[in-house]
Each structure stands twice: as C-alpha cells, then as structure tokens.
Amino acid sequence: QLFFSYFKDLVGQEVTVELKNDLAIRGTLHSVDQYLNIKLENTRVVDQDKYPHMLSVRNCFIRGSVVRYVQLPPDGVDVDLLHDAARREARGG
Amino acid sequence: MATTTGLESLVDQIISVITNDGRNIVGVLKGFDQATNIILDESHERVFSTKEGVQQHVLGLYIIRDDNIGVIGELDEELDASLDFSKLRAHPLKPVVH
C-alpha cells in the first residue's frame, strides 16, 4: 500500500519504466492501481531503433508484474520522506 | 482519482499487446476483466525480424490470459498507417524473465 500511495502522488511526472523483457518506455505517469499496474501517456520507447514494436503507440497500460524498474526524476523524490514512511511501514508490518 | 487504471477507455479501440513471450499482437479490444484477461477481435500478430520486413499473421478472435500480458498500448492508427513495415528490421522482443 505504501508504493501505491507513493505512485499516486507521482501522477503527472515523467518516468521511464524498464520492463523484465529489457524494453524501456518513457512517458507521463497517468495512473496507477493497487497491483501497481501503470498507465503512461505520451509514450516513446527509449531505444526506438532497437525496439520499433511500439512506434505507433502513444498511451499504454503496463502490467505491474512485468515492471523491473520505474526510473524517477531525481528531484521528483523526497528521499527522506520515503525513507521515513518505509521505516514506519516495516515496523508496523 | 488515479486509483483505477481501467481498460474501459480502450474498449472498441485498436490496441497493440506485448505478451510475455515477446510477441506483438494487434487487434480490437472487445472486453477485459479485473484480472486483465482480454478479448481481442480481428487480431493479427506482427512478427519482426532482422532479415525481412514485418510479417503479419492473421489470428481472428482471441482471448489472451492475463498472466501472459505485458503491455497494452493504444494504437494511433494515423501513425501506424505512416509506417512502412516492409522496411522495418528489428530483433524480436525478448521474453519476460521474472
């Protein structure tokens, strides 16, 4: 539930989602759900020459289970806040 | 607000699905459920290769099980029409490794 809330706060930011099949998709975070499925808008694949498979896709739904990383803008993250929240979550869980 | 990423907005639209085994399937989204199993009509698979242009294999009406789904993309038909598939060369997508 922590990361679900965290991603909700990040809606509107530019992120790059790296998938477990090595594909990386950059876009604006549109929405997220309890499974951490991600909807991105204005998407472009990071290495378009290598992966032309999604050239005509501009919005996409990414299943949470295939995400390897979500790359965030460094100044888009309050690391201390996240650190505290995670510590609290770890204690309470 | 951003609490449900429904696929409702994509119903009756042409979508491009990337499956966990690295395939790219294009079709019209007819239905889905909470587990993101999907029903795809008029579907065809786009096979990419490094040796020849993109091949299309017609599939028809398909149900794709949720655990095989990686990405569901909204296909922009104008953009898609502007692509010359016979000239595209690419390695096939890798399968998903957990």
Exercise for the section: Scan segment A:11-36 residue by residue and report those that are in a loop (DSSP other than H, G, I, E, B), open to solvent by 10 Å² or more (accessible area, probe 1.4 Å) and in contact with a Gly (Cβ under 7 Å, 6 or more places away or on another chain). Expected result: A:Gln13, A:Tyr35, A:Leu36
Problem - Boolean, B:Ser9 is small (Gly, Ala, Ser), under 28 Å from A:Arg68 (Cα atoms), at pLDDT below 95 and outside any loop (DSSP other than H, G, I, E, B) - result: yes
Problem - Candidate set from segment B:73-98 (those that are more than 7 Å from chain A (Cβ to nearest Cβ) and within 15 Å of the chain's Cα centre (by Cα)); member that is surrounded by the most Cβ atoms within 10 Å (Cβ to Cβ) - result: B:Pro92
Problem - Residue list for segment B:14-46, filter: exposed (fewer than 14 other Cβ atoms within 10 Å of the Cβ) and in contact (Cβ under 8 Å) with a residue 40 or more places away in the chain - result: B:Asp21
Exercise for the section: For segment B:54-73, state whether one or more residues are in contact (Cβ under 8 Å) with a residue 60 or more places away in the chain and under 18 Å from A:Phe61 (Cβ atoms). Expected result: yes
Exercise for the section: For A:Thr43, state whether it is in a strand (DSSP E or B), closer than 18 Å to B:Leu93 by Cβ, in contact (Cβ under 8 Å) with a residue 40 or more places away in the chain and within 14 Å of the chain's Cα centre (by Cα). Expected result: no
Exercise for the section: Answer yes or no as to whether B:Gly53 is over 15 Å from B:Asp66 (Cα atoms), more than 9 Å from every other protein chain (Cβ to nearest Cβ) and assigned to a strand (DSSP E or B). Expected result: no
Practice task
Scan segment A:51-86 for residues that are surrounded by fewer than 13 Cβ atoms within 10 Å (Cβ to Cβ) and modelled with pLDDT of 95 or more and jot them down.
Solution key: A:Tyr69
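The values are calculated or read from the model by the stated rules, or taken from the named source; none is laboratory data. Only a predicted model underlies this, so the values are computations on that prediction, with no experimental measurement involved. Cβ atoms come from the backbone with ideal geometry, glycine included; neighbour counts cover every protein chain shown. Side chains are part of the model used for accessible areas, which takes the heavy atoms of the whole protein and leaves out ligands, DNA and RNA. Shrake-Rupley method; radii C 1.70, N 1.55, O 1.52, S 1.80 Å.
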